[in-house]
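The values are calculated or read from the model by the stated rules, or taken from the named source; none is laboratory data. Everything quoted here is computed from the prediction, not taken from an experiment. Every residue, glycine as well, gets a Cβ built from its backbone with ideal geometry; the counts of neighbours run over all protein chains shown. What goes into the accessible areas is simple: the full protein's heavy atoms, side chains included, and nothing from ligands, DNA or RNA. Shrake-Rupley method; radii C 1.70, N 1.55, O 1.52, S 1.80 Å.
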Amino acid sequence: MKLVFAGTPEVAVPALDALLASGRHEVAAVVTRPDAQAGRGRRLVASPVAQRAEEAGIEVLKPARPREPEFLARLREIAPDCCPVVAYGALLPKVALDIPAHGWVNLHFSLLPAWRGAAPVQHAVMAGDEITGASTFLIEEGLDSGPVYGTVTEEIRPTDTSGDLLTRLAFAGAGLLAATMDGIEDGSLQAVPQPQDGITLAPKITVEDAQVDWAVPALRVDRVVRGCTPAPGAWTTFRGERLKLVQVQTAPGRDDLAPGALAVGKNSVHVGTGSHAVELLWVQAQGKKPMRAADWARGVRITDGERVGEPAGQRAGE
């Protein structure tokens with residue numbers, strides 16, 4: 001088939017590579033988000049997918065909105081048989097969906113109908129799911145509601161961050177997407193409607209969502225930290241400033257601390273939760289690089305009674 005691939009971030013590159021390497025289909029063009037400002041100089045930088053496509057000598061389309069007449073006209077000229085999609089990042093209008101004969105086929109990082117939405121991997125980790133996966137489905141106007149072509153499953157390991165899990169799913173899903181294109185081309189795959197039971201939603205995780213509530217059980221704190229790593233990054237406050245929580249672990253043997261209370265040992269930092277404590281392993285203070293929590297604690301000289309999670313201006317005894 002003649003394909004036009006749509007994707008933007010680094011997680012979409014393995015799927016593009018898999019399609020380029022298959023030798024069975026022609027990737028005629030790539031659709032990606034416009035160049036974005038990045039780095040200290042805020043210079044415009046092409047998306048990872050755009051950079052990979054340019055390396056491969058493939059035409060790159062960067063519409064500000066995929067309903068632009070110029071973009072739609074060019075897509076009609078290319079006349080793709082199918083448009084595979086991975087994390088493109090823009091809503092596709094029906095007029096664009098109708099152009100390829102076999103539609104737009106999305107690689108989504110969950111086992112649909114679970115975790116429909118922008119952040120399926122983060123929500124799966126934060127919910128404590130033991131198994132997740134990836135699905136290929138035909139895009140329709142509803143939110144990730146189209147019929148499914150295929151799935152792969154992936155275990156969520158006890159220490160997985162959303163970044164760890166997404167990396168594995170990107171490569172497993174790349175093979176699934178390539179196989180889906182093959183099955184559509186030879187007629188061996190038929191999309192199956194999603195069941196109406198088991199639908200869960202995975203909206204984008206905001207910075208506010210990533211603030212740790214120390215009154216919840218330790219297991220929940222651990223899941224929030226892992227689910228929000230690397231983005232947007234779990235955080236709390238200390239002395240009125242934001243403190244990013246890079247890595248923690250539960251400490252079941254320590255249940256003597258009130259929620260948010262700090263206990264600093266020679267080489268350890270524990271925080272109380274709604275159940276037992278968690279140990280802070282790596283943190284990042286504002287304007288600083290990530291560091292071991294014990295080194296951070298020595299540097300700030302935590303005093304007895306100090307806590308994390310207090311609003312600005314609230315210190316021990318105030």
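Results, tabulated for the structure shown:
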item	result
Protein accessible area in the stretch 242-294, 1.4 Å probe - carbon and sulfur %	47 percent
Dipole in debye (nearest 20) - the stretch 153-224, about Cα centre, beta carbon charges: Lys, Arg +1; Asp, Glu -1	200 debye
Given charges at beta-carbon only (K, R positive; D, E negative), |dipole| of the stretch 65-147 in Debye	180 debye
Rel. contact order, % - alpha carbon contacts under 8 angstrom, at least six apart, the stretch 1-145	23 percent
Farthest positive-ward along the chain dipole, Cα basis, beta-carbon charges - from Ser47, Thr303, Phe137	Thr303
Neighbour cut-off at most 12 other Cβ (10 Å), DSSP loop, trypsin sites (Lys or Arg not before Pro), the stretch 125-232	Lys204
Of all accessible heavy-atom area on the stretch 164-223, the percent that carbon and sulfur account for (1.4 Å)	58 percent
In the stretch 90-153, the GluC sites (Glu not before Pro) that fall in loop regions by DSSP, at most 11 other Cβ within 10 Å	Glu130, Glu141
Accessible area (Å², per residue) of the chain, counting only protein heavy atoms and a probe of 1.4 Å	49 Å²
Which labelled figure in (1) 70, 46, 30; (2) 54, 47, 36; (3) 134, 73, 45 is Cα extents along the principal axes in Å, once derived from the coordinates	(1)
For the chain, with +1 on Lys and Arg beta carbons and -1 on Asp and Glu, the positive-most of Pro193, Cys83, Val221 along the dipole	Val221
Pairs beyond 29 Å (Cα-Cα), from Lys204/Lys266; Lys204/Lys289; Lys2/Lys94; Lys62/Lys204; Lys62/Lys288	Lys204/Lys266; Lys62/Lys288
Carbon plus sulfur fraction of accessible area for the stretch 1-145, probe 1.4 Å, in percent	50 percent
Euclidean distance of C-alpha centroids, the stretch 106-135 and the stretch 1-18, integer Å	19 Å
Estimated dipole of the chain in Debye, rounded to 20 [Cβ of Lys and Arg +1, of Asp and Glu -1, Cα centre]	1280 debye
